[in-house]
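Please see the structure below; I have some questions.
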Amino acid sequence: MNIKSKDFVLMPRHLRKFNGSIIEMFGDQKGQLVYPYVMVSRNGKKYPISIENRKNFKLIHKVYKERKVVAERVHRKSDLRSTGKG
């Protein structure tokens, strides 16, 4: 199964294909994906968050590539799934 297929369950290693994408996290944070980190801006400074850590990976809500939602998670306990639009 292709990672860009609809409803494919994404793991942290699959996000390497979406390097440079915008990541929206639960808690109204946005950042840019620079694998294996998400660079989040807080108070004018950029902080790296490692997505290899399972707890941090579960915080990802949506992944945008060129204004299209390519992956999303409904709530924190659900899997990050591809939308098939990537």
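Rule-based calculations on the coordinates, nothing more; no lab input. The model shown is predicted, which means the values in this text are computed figures rather than measured ones. Cβ sites come from the backbone with ideal geometry, for glycine too, and all protein chains shown count toward neighbours.
Greater than 22 Å separation of Cα atoms is the criterion. Which listed pairs, 4/45; 30/58; 17/45; 4/62; 46/68; 45/77, meet it?
4/45; 17/45; 46/68; 45/77
Mean-square fluctuation check for the chain, GNM, Cα pairs under 10 Å: which of 38, 74, 63 is largest?
The residue with the greatest mean-square fluctuation here is 74.
If each residue's Cβ is checked for other Cβ atoms within 10 Å, how do 59, 10 rank with the fewest at the top?
Final ranking by Cβ density, sparse to dense: 59, 10.
GluC sites (Glu not before Pro) within region 2-86: which are DSSP loop residues with at most 16 other Cβ atoms inside 10 Å?
Those satisfying the criteria are 52, 66.
Name the trypsin sites (Lys or Arg not before Pro) in region 25-78 that are in a loop by DSSP and that have at most 13 other C-beta atoms within 10 Å, would you?
Listed in order of number, the matching sites are 67, 76, 77.
Once the piece of chain linking residue 41 and residue 7 is laid out straight, how much longer is it, given 0.36 nm per residue of separation minus the C-alpha distance between them?
9.3 nm
Using 0.36 nm times the number of residues separating residue 54 and residue 76, minus their current alpha carbon distance, what extension gain do you get?
6.7 nm
Oh, and also: Just need the relative contact order of the chain here, percent rounded to a whole number, with Cα pairs under 8 Å and 6+ apart.
32 percent
Rounded to whole Å and ordered largest first, report the semi-axes of the equivalent ellipsoid of the chain derived from its Cα gyration tensor (root of 5λ).
The equivalent ellipsoid of the chain has semi-axes of 20, 13, 12 Å.
Give, in nm to one decimal, the length gained when the segment between residue 34 and residue 16 is fully stretched (0.36 nm per residue of separation minus the Cα-Cα distance).
Length gained, residue 34 through residue 16: 5.6 nm.
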